[in-house]
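None of the figures in this text is laboratory data; all of them are computed from the coordinates on show. On a predicted model such as this, the values are computed, not experimentally measured, just so you know. No Cβ is skipped: glycine too gets one built from the backbone with ideal geometry, and neighbour counts run over all protein chains shown.
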Amino acid sequence: MKIALMILWILSLVIAVGSIPASILWFEIPEYFTVIFATAIVIFAAGCIRIISKRKKRIAVIISSVVVILISAFGNYCNPYWNYSVTYSETMDTVLTNREAVEDLECVMKHLKKCHPAFYHGIPEEVEVRYQEVLKQLGGTETVTVCWLSQKAEYICSVLRDGHTYVKENPEVRHYMKDIYKFQKENAQLVAINGLDMKKLLEQTKELYSYEAESWQLHMLKNDLSSAEGLMFLGIYTDAGVEYTYEHADGTRESNTYHTADFLTYDDYVSYNNIEQASDKEESFVSFEIDEDKSLAILTLTSCNYNKEYKDCLLRMFREVKEKNIQNVAVDLRDNGGGNSLVVNEFIRYLNVESFEQGTNDWRWGCFMIPFHQSTVKNKKYEELLFEGEVYVLTSSASFSSAMLFAQWMVDNDLGTLIGEAPGNDPNGYGDVTMFTLPNSKLFLQTSTKVFCRADKDNPDDLVEPDISCDANEAMEVLFEEISK
């Protein structure tokens, strides 16, 4: 009996603690699980105490039980990554009952209230107003589509003006307008849909997107306009035909109408456009090239992945920079959607600076707001490979999140010159996301967990403004001109 009770007690402790990584990495665990196993721990611990004669062992059982219960409760009710999950959503025309739609909206609000910094002191008034408005609209319906729910959930989130927080479809199969690739190669710009110019379309859809910069809204809008699923989200249906108007570099315009059959799955899209794909491995997210004539090294970073591949690439580049006495280094962050901000720290280790400012942030963990106010970071320099020439950073409006942080830290610490367009999110905004799947529609919810203050806290700009402003497509040419001076 004694051994059996001890085994059950230990097992309940292990499962209670193990549920935390399990809910993040493998499968969803209901919140009431914590209550059940806390109760089990108390029951088994009480049984063990009754049959254990030594006082020290009884105290050890009590302390261990209390600690595990507290860890389990914190890991569930405070941990923003509890039940972290991403899966494929239902199709946009899938029908949901009124009850299912309400459940999904309640799930959105539950996660926002638990994780988002703006909800720390309660639901923001504007969010509550929109939430109640949507519930009222639902009250008079028996069924709605996943598309409708996606629009309304994003309508609620958009008032936060947080580009990291949104509700979106994640279809298993997406259908792309077949000629997108052709127009991109020609550097043609989409200027109208069904005769409606992009400025008016931006105004009409501004409450369907969460964004800080209008340029980021435009980026997301163009993404949606490229697929049948995104068009449906915008209330545009391919079966009626969709007219795309593009403007070419010479100023001429071209309009074509596309129907459902002209929207292809990814594999068909690749085949139709004869897009070459690497057979052995995917193209790397990080690479560099050296132009000795210009005394220039260009690091191209398409996403902010902090890993061995990135660190090895940096090491090889700066070794070659030193060997060839290269005087200029540029980092191309155009269209980089972000990732891990440690890529910036690693890059700065090759610069001859003792320390740098990285700003501060507050991290939301349920009922706690954890401050990280150590703004100054000591630079752990790679002394043998320090670079003391000119540094340039190229950005576009689609440079986002950690890519924005990269640009911000370089500019705010006077470590480099920024060329191109302002990145797409506010340096004094939200970020560091967690993700969930809504229970019925399987829509994808992403929400911020941190609120940031930029490195240069006295800078009044809403965005990280470039030192040399130009169209992102022209940033490389502008860089060459700047070096030639």
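Some observations on this one:
- Take the Cα of residue 74, step 7 Å toward its Cβ, do the same at residue 22, and the gap between the two points is 2.1 nm.
- Net length available on complete extension from residue 289 to residue 271 is 3.5 nm, with 0.36 nm assigned per residue and the Cα-Cα distance removed.
- Relative contact order of the chain: 16 percent, from C-alpha pairs under 8 Å at least 6 residues apart in sequence.
- Computed from phi, the 3J(HN,Hα) profile of the range 69-74 under the Karplus parametrisation 6.51, -1.76, 1.60 (θ = phi - 60°) reads 4, 5, 4, 5, 5, 5 Hz, with x in place of Gly and Pro.
- Amide H contacts under 5 Å for residue 96: 144, 145, 146, restricted to partners 5 or more places along the chain or on a different chain, H placed in the peptide plane at 1.01 Å from N.
- Across the range 258-264, coupling constants 3J(HN,Hα) worked out from phi with the 6.51/-1.76/1.60 Karplus curve, θ = phi - 60°, read 10, 10, 3, 5, 8, 10, 10 Hz, and Gly and Pro carry x.
- Under-5 Å amide H pairs with residue 29, H placed in peptide plane, nonlocal only: 83
- Potential lengthening between residue 125 and residue 184 on full extension [0.36 nm per residue; Cα-Cα distance subtracted]: 17.0 nm
- Around the amide H of residue 258, modelled in the peptide plane, lie the amide H atoms of 242, 243, 244, all under 5 Å away and 5 or more residues distant in sequence or on another chain.
- Of the GluC sites (Glu not before Pro) found in the range 89-195, the ones in coil according to DSSP and having at most 16 other Cβ atoms within 10 Å of their Cβ are 142, 172, 186.
- Spread of Cα-to-Cα distances over 5 Å intervals beginning at zero, given as percent, for the range 59-99: 5, 16, 12, 12, 11, 12, 9, 7, 6, 5, 3, 1
- Over all other residues within a Cβ to Cβ distance under 12 Å of residue 453, the charged ones net out to -3, with Lys and Arg as +1 and Asp and Glu as -1.
- Paramagnetic reach from residue 485 (point 7 Å along Cα→Cβ, amide N under 15 Å) across the range 394-419: 416-419
- Of all DSSP beta bridges confined to the chain, the antiparallel ones make up roughly 70%.
- Alpha-carbon Debye profile of the range 2-77, log10 I(q)/I(0) at 0.16, 0.27 Å⁻¹: -0.55, -1.21
- Under the combined filter of DSSP loop state and at most 12 neighbouring Cβ atoms within 10 Å, the range 319-362 retains these GluC sites (Glu not before Pro): 354.
- Qualifying lysines (Cα of each under 18 Å from Cα of residue 324; at least 8 residues distant if same chain): 294
- Whole-Hz ³J(HN,Hα) from phi, Karplus 6.51 cos²θ - 1.76 cosθ + 1.60, for the range 3-13, glycine and proline x: 5, 4, 5, 5, 5, 5, 5, 4, 4, 5, 5
- About the Cα centre, charge dipole magnitude for the range 176-264 (Lys/Arg +1, Asp/Glu -1 at Cβ), debye: 80
- Computed over the range 171-262, the quotient of the alpha carbon radius of gyration and 2.2 N^0.38 Å is 1.05.
- Reported to the nearest whole Å, the Cα centre-to-centre distance from the range 25-41 to the range 115-178 is 28.
- Placing R0 at 22 angstrom, the Cβ-Cβ distance between residue 6 and residue 36 gives a FRET efficiency of 0.65 after rounding to 0.05.
- Euclidean distance between Cα centres, the range 401-470 to the range 47-110, Å: 31
- Out-of-range pairs (alpha-carbon distance over 32 Å; input 222/378; 114/206; 136/442; 136/168; 182/311): 222/378; 182/311
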